[in-house]
Amino acid sequence: MARDSREFQALLRVHEGLPRQGPGSAEATELALSLLPPLRRQAKIYDLGCGPGLATIVLAKKLQRKIIAVDLTPEFIEQTSTNAEEKGLSHLIEPRHGDMIELDDQPESIDLIWSEGAIYCVGFDNALHTWRPLLHSSGIVACTELSWLTSTPSSKALEFWQAAYPAMRSVKENILRAEQLGYARINHFTLPDSCWWDEYYSPLLHNTERLASESKDDPVLARAVANARAEISLFHECSREYGYVFYLLQKSDITIERAQIDDSQDIARVLRTSFSAALPFISILHTRYEDFNYVRDQLFPTNQIFVARDAGCNVIGYIAFNDERINHLYIDPAATRQGTGTRLLNIAKLHNCKLRLWTFQKNENAQRFYQARGFYPIKETDGSGNEEHEPDILYEWKADLYR
Ligand code: SAH
C-alpha cells in the first residue's frame, strides 16, 4: 500500500497513539533475550521495523549496547526518539529512517537483528535470505511472525487470514524454511494472549470507538475501522488457532531440507559410514548396493526424510520417520559435534506429538543423546526381534502439552 495513499493514512489514524503497532510485551522481549547466547561487547544490533520503539527500549536497557532502530514510517522514528529521550536512553538508541530490506552494512558485520511484528511487511523468507550475508558467522535473527498453531484451522480463521495475510504458514513450516535458508533454530515460543490485548488490541479497539462518528462521512476510514474490528473479533473467537511466534534463529553453514530421491546414494553412504563408526562391534549384513536399493525403494516411499547439508551442499546427515517412529537418524562421523543431530531430531519433533525409536543396548552414545533430549526408555528386548539379534531398547518422547 502506497504510503501517501488514503488507505495508508486511514490505517495510520486507526493505529494512532498505540504503544505498539503489533502484538508484544516487554516480558516477551526479555524472555527472547534470555534464550540467546551472550553478545560481543562491540556487537552491532538492529531493531528493524521498530515502530514506536517499545522493544528497542527493552533491548537498550537490558543489553546496555547501542541499538540502531530502523523504520520506514517517519512518524514512528520520531516517536522512537521521543520514547528513548523520556527513558534516558538516547545515548544507546540511534533511530534511523530507512528500509529494513535495504541495509548497506558490510557482509558479516551484524551480530543481532531484532524485528517484532514487522517481518511480514517484507516477507519472512525474503528477510531471512537478504539479511543472512550481512550477519556475522554466528549472527542471530530474533523475529516475531504471525503463524498457524493448528493444522486444522476453522474456515472462519482460514478465510480471514487467506485474504489478509495469504503468506501465513505453520510454525513447523517457518522453522523448516529458516533451516533451509541457513539458520539453526535456537528456540521459539508463542506470545500469550496478553501480548495482543494489553498494548495493542485494547487501545486499538478504543481508537475504533473514538473514530466511529467521524468515519460515517469517510468511507476509507470506515473501511479501516471495520477491518480492525473484524480482526479483533476473530482473535476473540479463534486465538487458539493462530498466534505471534517468536523465532530465535542463528546463522549456520549447515542447512536442512526435505530429501529428494536423488539423495538416495548420499543417504546410503551416510547410513553405512555412520553405522559402522557408531557400532563397530556389529557386523554389516548388507552390501553397499543393497543399502542404496533399500534407501531408494523402501525408505523413501514410506518415510518423511530430511537431510542436512554442509556449505558445499554435501549430505552430512539425515533423519527418516513415519507413524510417530524415528527409523533412522545418522550423521556422517566426519561431521558430528555441530548440533546437526539435534536439529534433525527437532524437525521430527515438530512433525509429531509423540515419537518412539530403537537403539542397541551397546550404543551408549545414542542413549545419552536421546535421554538428554527428552526420550525415556520404555522397553528392553534380548534382540531376538531385530535383524542383528542385538539386545535393544525402545525409547519414547512426548511433546509438552502446552508447547
Ligand atoms: N516493532 C514494532 C512495530 C511493528 S509494526 C512493534 O512491535 O510495535 C510494523 C512496522 O514495520 C511499522 O512501524 C512499519 O512502519 C514498519 N515497516 C514496514 N515495512 C518496512 C520496511 N520495509 N522497512 C522498515 N520498516 C518497515
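The values are calculated or read from the model by the stated rules, or taken from the named source; none is laboratory data. Computed from a predicted structure; not experimentally measured. We place every Cβ from the backbone using ideal geometry, glycine too, and count neighbours over all the protein chains shown. These area figures cover heavy atoms from the full protein model, side chains too; ligands, DNA and RNA do not enter into them. Shrake-Rupley method; radii C 1.70, N 1.55, O 1.52, S 1.80 Å.
Taken together, the residues in segment 129-149 that are in a strand (DSSP E or B) and open to solvent by 20 Å² or more (accessible area, probe 1.4 Å) amount to 4. Being within 18 Å of Gly182 (Cα to Cα), part of a strand (DSSP E or B) and open to solvent by less than 20 Å² (accessible area, probe 1.4 Å) is a property that Ile347 lacks. If you go through segment 30-51 and keep only what is within 10 Å of the ligand (Cβ to nearest atom) and either surrounded by fewer than 24 Cβ atoms within 10 Å (Cβ to Cβ) or on the phi > 0 side of the Ramachandran plot (or both), you end up with Gly49, Gly51. Candidates in segment 150-168 are the residues that are over 22 Å from the mean Cα position of the chain (by Cα) and surrounded by 14 or more Cβ atoms within 10 Å (Cβ to Cβ); of these, the one that is farthest from Arg223 (Cα to Cα) is Ser154. If only residues of segment 102-123 that are surrounded by fewer than 17 Cβ atoms within 10 Å (Cβ to Cβ) and closer than 26 Å to Trp196 by Cα are counted, the one that is nearest to the chain's Cα centre (by Cα) is Gly123. A single entry from Glu364, Glu380, Glu324 fulfils the requirement of being within 27 Å of Ala178 (Cβ to Cβ) and without any contact (Cβ under 8 Å) to a residue 40 or more places away in the chain: Glu324. Whether any residue in segment 171-191 is open to solvent by 20 Å² or more (accessible area, probe 1.4 Å), in contact (Cβ under 8 Å) with a residue 40 or more places away in the chain and more than 30 Å from Tyr318 (Cβ to Cβ) is what I want to check. Checked segment 171-191: no residue is open to solvent by 20 Å² or more (accessible area, probe 1.4 Å), in contact (Cβ under 8 Å) with a residue 40 or more places away in the chain and more than 30 Å from Tyr318 (Cβ to Cβ).
If the condition is being at positive phi and near the ligand (Cβ under 8 Å from one of its atoms), then segment 99-136 contributes only Gly117. Screening Thr340 with (1) within 20 Å of Ala277 (Cβ to Cβ); (2) open to solvent by 30 Å² or more (accessible area, probe 1.4 Å); (3) within 20 Å of the chain's Cα centre (by Cα) gives one miss only, at (2).
Selection within segment 1-16: residues that are among the small types (Gly, Ala, Ser) and assigned to a loop (DSSP other than H, G, I, E, B). The member of this set that is nearest to the ligand (Cβ to nearest atom) is Ala2. Using the structure shown, decide if Glu388 is out of contact with any helix residue (DSSP H, G or I) (no Cβ under 8 Å at 6 or more places or on another chain), in a loop (DSSP other than H, G, I, E, B) and surrounded by 12 or more Cβ atoms within 10 Å (Cβ to Cβ). For Glu388, the condition - out of contact with any helix residue (DSSP H, G or I) (no Cβ under 8 Å at 6 or more places or on another chain), in a loop (DSSP other than H, G, I, E, B) and surrounded by 12 or more Cβ atoms within 10 Å (Cβ to Cβ) - is met. The set of residues in segment 60-80 being more than 11 Å from the ligand (Cβ to nearest atom) and either touching a residue at least 24 places away in the same chain (Cβ under 8 Å) or touching a helix residue (DSSP H, G or I) at 6+ places or on another chain (Cβ under 6 Å) (or both) consists of Ala60, Lys61, Lys62, Leu63, Gln64, Arg65, Lys66, Ile67, Ile68.
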